[in-house]
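Take a look at the structure below.
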Amino acid sequence: MNLSKEDKQIINDSIRDIQDFPKKGIVFKDITTLLNNKEAYQVLMNHLEERYKTYDLDYIAGIDARGFIFGAALADRLKIGFVPIRKKGKLPSTTVCEKYELEYGFDEVEVHLDAFKDIPNAKVLMIDDLIATGGTANAAAKLINNVNAVLVESCFIMNLTFLNGSEAVSKHAPVYSVLEI
């Protein structure tokens, strides 16, 4: 299902730009104004539900932390499980970690080793609010594949195309973005 130009505009208009956050020169895409706009959030979630209802997914994997908001809601709508991909040290059971590079160092994301154990070769949709350089999403995609699940697609509400982050992630599975910025 394609999102109409009008619906894309409703979603786009609900996202606020914050200048110089978290540091000077960065324009932060603030989704809190999308979340508290009932019309925009409903347009977005209706679109995602319509797009993914025929994918025969087993799980949605949401990337810490804003991916949880969209992923858990979508998993509920599709009546499937939700799996959080968290920053290192936040999950209580045995985990698998993946390190990735930041502009100022390294970070890690992790998932429970048994997150997808109930369904062999589970079909997973990975979701997050935004893809920029792709470091976190690329690491999360590797994690999903490392725990014997199948990454079907990676979904982002916004793709900052000028940073080319979706290129690395697309090596693992197709990438879909609601908005190209």
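General remarks:
- Distance between modelled label sites at Tyr55 and Thr161, nm, 7 Å Cα→Cβ extension: 2.1 nm
- Ranked list, fewest to most other Cβ atoms within 10 Å of each Cβ, for Ser93, Ser14, Ser4: Ser93, Ser4, Ser14
- Nearby aspartates and glutamates by direct alpha-carbon distance to Lys79 (threshold 15 angstrom, same-chain neighbours under 8 apart not counted): Glu49, Glu50, Asp56, Asp58
- Backbone amide hydrogens, once placed in the peptide plane, bring Val175 within less than 5 Å of Ser154, excluding anything fewer than 5 places away on its chain.
- Environment charge at Ile10 (Cβ cut-off 13 Å; Lys +1, Arg +1, Asp -1, Glu -1): -1
- Remark: the stretch 50-56, residue by residue, has Karplus-estimated 3J(HN,Hα) of 4, 5, 9, 5, 9, 7, 6 Hz, where x stands for each Gly or Pro and the curve is 6.51 cos²θ - 1.76 cosθ + 1.60 at θ = phi - 60°.
- Ranked Phe70, Phe21, criterion: other C-beta atoms within 10 Å, fewest first: Phe21, Phe70
- For the stretch 55-180, the residue among Ile127, Leu91, Val178 whose Cα projects farthest onto the positive side of the dipole built from Cβ charges is Leu91.
- The residues Ser177, Ser166, when put in order of fewest to most other Cβ atoms within 10 Å, stand as Ser177, Ser166.
- Distance violations [Cα-Cα > 24 Å] among Lys8/Lys38; Lys53/Lys99; Lys87/Lys123; Lys29/Lys123; Lys5/Lys29: Lys53/Lys99; Lys29/Lys123
- Per-residue ³J(HN,Hα) for the stretch 33-39, Karplus 6.51 cos²θ - 1.76 cosθ + 1.60, θ = phi - 60°, Hz, x for Gly and Pro: 6, 6, 5, 8, 9, 4, 5
- Amide H contacts of Val83 (H built 1.01 Å from N, in plane; Pro and chain starts excluded): Ile60, Ala61, Gly62 sit under 5 Å, all sequence-distant by 5 or more or on other chains.
None of the figures in this text is laboratory data; all of them are computed from the coordinates on show. Everything numeric here is computed off the predicted structure, so don't read it as measured data. Virtual Cβ from ideal backbone geometry, glycine too; neighbours counted across all protein chains shown.
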